[in-house]
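The values are calculated or read from the model by the stated rules, or taken from the named source; none is laboratory data. Since this is a predicted model, take the numbers as computed values, not measurements. So basically every Cβ, Gly included, is an ideal-geometry build from the backbone, and we count neighbours across all protein chains shown. Calculation scope for accessible area: heavy atoms of the full protein, side chains included, ligands and nucleic acids excluded. Shrake-Rupley method; radii C 1.70, N 1.55, O 1.52, S 1.80 Å.
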Amino acid sequence: MRPVDSREGHGVPAVRLRTAAATLVVALFAATAAAQTPAAPPAPATPRPAAPPAVALPSARAVIDRHIEAIGGRKAILGHTSTHAAGTMSMASSGVSGSIDVYAARPDKSFVKLSIGGIGDVLEGFDGKIAWSVSAITGPMLASGRELTQKKFDAAYDAELHEAARYKSMRTVEQAPWDGRPCYKLSLVHLDGTEDIEYYDVATRLKVATVATRESPMGPVQVTVSFGDYRKFADLLVPTTMKQSTMGVQQVLTFTVVEFDKVPPSIFEPPAEIKAMLK
């Protein structure tokens, strides 16, 4: 882990970046079919090694609570009412890069702005009731049905606390490696049946990855996010590097500025194109 860096700020609202990633991929690759790779022939059967002795697993609640304590505690998470995080986004495979701003406010407002060279702005927001997105390629769009339900869930400002009332079930599935490190793998099922898989480092107690499926204009999209470079901003440790893989495309997000309690309510107002659709 890199040295801790103390600067003013609040936790990056990582859960909102999953939907931002899906929006960006849809905007950039709406007309591109995913390449199909022929399945490899099955390997010859080999004797299975003896199973290792069973290891007692902590409950999902215990794993999450250890993570909360490791990043600064419940009081620190609840101590702010809004967040603005800014940084850069890059997609090495296509040479695309740009800047990203993520805004969030209690209880469930969010706004993400991606500014991409040669393409323009990709915007996505949720004002507590309406979920929308705008880009030069897709134009203005409104979310509805299951997609709207998921965006409302993801926009919860205190999502990191994983309050039990938000889930149908929470369980520790197994101890499994992520990026070569032993982790606890958690299954978190929303009230609507959506399942998120989260990985927490056994040694550091920090969340290191999330695998989630979200509805999009192109149908269900799986987004995998790896969290790294945890740094201390005021009273919280937050990941400043996120590697996101969606539809075979990897994006790297690097955050350098994080501020809290400075976001004006007007930032969550839908743009004129969206307001026109609502009339």
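Here are some notes:
- On the stretch given as segment 156-197, residues that are out of contact with any strand residue (DSSP E or B) (no Cβ under 8 Å at 6 or more places or on another chain) and open to solvent by less than 60 Å² (accessible area, probe 1.4 Å) total 6.
- Strands (runs of 3 or more DSSP E) fully within segment 175-279 counting 1 or more residues that are within 22 Å of Tyr103 (Cα to Cα) and within 15 Å of the chain's Cα centre (by Cα): 207-214, 221-233, 236-246, 249-260
- Index of the failed condition, Tyr200 passing every other in (1) within 17 Å of Ala70 (Cβ to Cβ); (2) open to solvent by 10 Å² or more (accessible area, probe 1.4 Å); (3) in contact (Cβ under 8 Å) with a residue 24 or more places away in the chain; (4) of a type outside the set (A, V, I, L, M, F, W, C): (2)
- Test: residue in segment 159-168 that is at pLDDT below 95 and within 20 Å of Glu269 (Cβ to Cβ): no
- Qualifying residue in segment 256-278 (condition: in contact with a helix residue (DSSP H, G or I) (Cβ under 7 Å, 6 or more places away or on another chain) and not β-branched (Val, Ile, Thr)): no
- Scope segment 137-169; condition assigned to a helix (DSSP H, G or I) and of a type in the set (D, E, K, R); matching residues: Arg146, Glu147, Lys151, Lys152, Asp154, Glu160, Arg166
- Search result, residues across segment 96-112 that are within 22 Å of Val225 (Cβ to Cβ) and either among the small types (Gly, Ala, Ser) or surrounded by fewer than 19 Cβ atoms within 10 Å (Cβ to Cβ) (or both): Val96, Ser97, Gly98, Ser99, Asp101, Ala104, Ala105, Ser110
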